[in-house]
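Report on one structure; see the data block that follows.
The values are calculated or read from the model by the stated rules, or taken from the named source; none is laboratory data. It should be emphasised that the depicted structure is a prediction, and the values quoted were computed from it without experimental measurement. Cβ atoms come from the backbone with ideal geometry, glycine included; neighbour counts cover every protein chain shown. Quick note on the areas: whole protein, heavy atoms, side chains included, nothing else; ligands and nucleic acids left out. Shrake-Rupley method; radii C 1.70, N 1.55, O 1.52, S 1.80 Å.
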Amino acid sequence: MVGKTHLVIGLATLAGAEAATGLVQPHPVKDIPVGSLLCIVAVIVGALAPDIDAEESQIRYEMGEAGLAFSKWLQSFGVEHRGLTHYGLTALVVTTISGLLGWWLGYPDVGLAFGLGYLSHILADSLTLAGTPLLWPLQQKEQNFYLLPAALRVRTGGPVEPLIFIAVTILLVFLLPALVPPELIKSLRHWL
């Protein structure tokens, strides 16, 4: 999947988690609840992070020199696109570390939002023709994991992906009220 599709899937995942569990905390700053904004940023970065190893990745360029350096560092260890950064084990480690770091800093919801974004990316890539090495080391890398049967798999950047983007965006519009609390809207109106 391309970056913008990962972005809306990550946001929809966060909005769905918020609607189902009330994950996002207010974290007020001067009586403005910024927790939703922090979690939105975290899920966006998390949803784009696994592609840091790809030549044409959005996050690699968004991060500038740091993204390029980190990508080159991964490549120096032989990390290929849809390799280490797309393992299910890596996603669990990243989610655990980000959750613990968030908890330690007093923002466990933000840490978990990053992890949700990361997981959503890997699961979304499991819908594609290439799949993901989700079950490594239980399976060999050549035996990628797929969420769809072969006939329904999506080509990255192909003609079906924009339809997925539109469908998830529509879902996100309906889930957005769960993610953006009324207090934040009132605060934003005051500033505008």
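Miscellaneous remarks
- Hey, S126 over 12 Å from T5 (Cβ atoms) and within 18 Å of the chain's Cα centre (by Cα) or not: yes
- The numbered conditions (1) under 19 Å from V45 (Cβ atoms); (2) at pLDDT below 95 are all true for L112 except (2).
- Residues within segment 16-27 that are open to solvent by 50 Å² or more (accessible area, probe 1.4 Å) and either touching a helix residue (DSSP H, G or I) at 6+ places or on another chain (Cβ under 8 Å) or within 15 Å of A47 (Cα to Cα) (or both), tallied: 3
- The set of residues in segment 147-169 being open to solvent by 70 Å² or more (accessible area, probe 1.4 Å), assigned to a loop (DSSP other than H, G, I, E, B) and not β-branched (V, I, T) consists of L147, P149, R155, P159.
- The residues of segment 70-109 that are loosely packed, with under 14 Cβ neighbours inside 10 Å and at pLDDT below 85, listed by number, are K72, W73, Q75, S76, F77, G78, E80.
- Selection count where residues are surrounded by 12 or more Cβ atoms within 10 Å (Cβ to Cβ) and either assigned to a loop (DSSP other than H, G, I, E, B) or modelled with pLDDT of 90 or more (or both), scope segment 171-184: 5
- Of the numbered criteria (1) more than 30 Å from P28 (Cα to Cα); (2) surrounded by 21 or more Cβ atoms within 10 Å (Cβ to Cβ), the one G117 fails is (1).
- None of T13, T5 is hydroxyl-bearing (S, T, Y), in a helix (DSSP H, G or I) and open to solvent by 30 Å² or more (accessible area, probe 1.4 Å) except T13.
- In segment 22-90, counting only helices (runs of 4 or more DSSP H) that sit wholly within it, the ones holding 1 or more residues that are in contact (Cβ under 8 Å) with a residue 24 or more places away in the chain span 35-48, 58-62.
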